[in-house]
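Report on the following structure.
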Amino acid sequence: MSPKVVATETQRTRLLTALYIVQEQYGYLSDEAIQRVSERLDMHPQEVYSMASFYSLYKTRPTGKYVLQVCEGLSCYLADGADRLIDYLREKLAIEVGQTTSDDLFTLQTIPCLAACGSSPAMRVNDTLHENLTVERVDALIERLRGD
Ligand code: FES
């Protein structure tokens, strides 16, 4: 019997945890990993992929060690942050949005809103939120991460 296309609430709850664990172990959610998770949870692979690609927490492609997600939402834009930070990071890292540095250290992404609008501009680095950013603070952060 093939899995149902619409998962139960219990399956969805388990799915989020399963995806997180698999990503922690392998770095991202490959097609093979999504297939295996769907089999384990008796869910349709398309539904698993939809959940994995909906949440910005999950990665469906390989990334650098540090994923820089710069908020480009309205508050961050109005705080004169989003464009400036993205341009700065593009130049400093010599990559475009969506790309990874050649040393596999940084991946640059943009995100619609990080729910930190009151302390914009904001950026998430892996699981850590950074708020009230300036170019100087981002520069110091990048240098610290390079030293880790
Ligand atoms: S618009 Fe940037 S955190 Fe909401």
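In segment 26-109, counting only helices (runs of 4 or more DSSP H) that sit wholly within it, the ones holding 1 or more residues that are among the aromatic types (Phe, Trp, Tyr) span 45-54, 74-78, 82-93. Among the residues of segment 103-148, which ones are within 14 Å of Gln69 (Cα to Cα) and of a type in the set (Gly, Ala, Ser)? Once the filter is applied, which keeps residues that are within 14 Å of Gln69 (Cα to Cα) and of a type in the set (Gly, Ala, Ser), segment 103-148 yields Ala115, Ala116, Ser120, Ala122. Within segment 96-117, can one find any residue that is loosely packed, with under 13 Cβ neighbours inside 10 Å and polar (S, T, N, Q)? Looking through segment 96-117, at least one residue is loosely packed, with under 13 Cβ neighbours inside 10 Å and polar (S, T, N, Q). Tell me yes or no: at least one residue of segment 119-136 is near the ligand (Cβ under 10 Å from one of its atoms), assigned to a helix (DSSP H, G or I) and more than 18 Å from the chain's Cα centre (by Cα). Within segment 119-136, one or more residues are near the ligand (Cβ under 10 Å from one of its atoms), assigned to a helix (DSSP H, G or I) and more than 18 Å from the chain's Cα centre (by Cα).
Bear in mind that the values in this text are calculations on the coordinates, not laboratory data. Please read these numbers as outputs of a predicted model, since none were measured by experiment. Cβ: placed from backbone, ideal geometry, glycine included. Neighbour counts: every protein chain shown.
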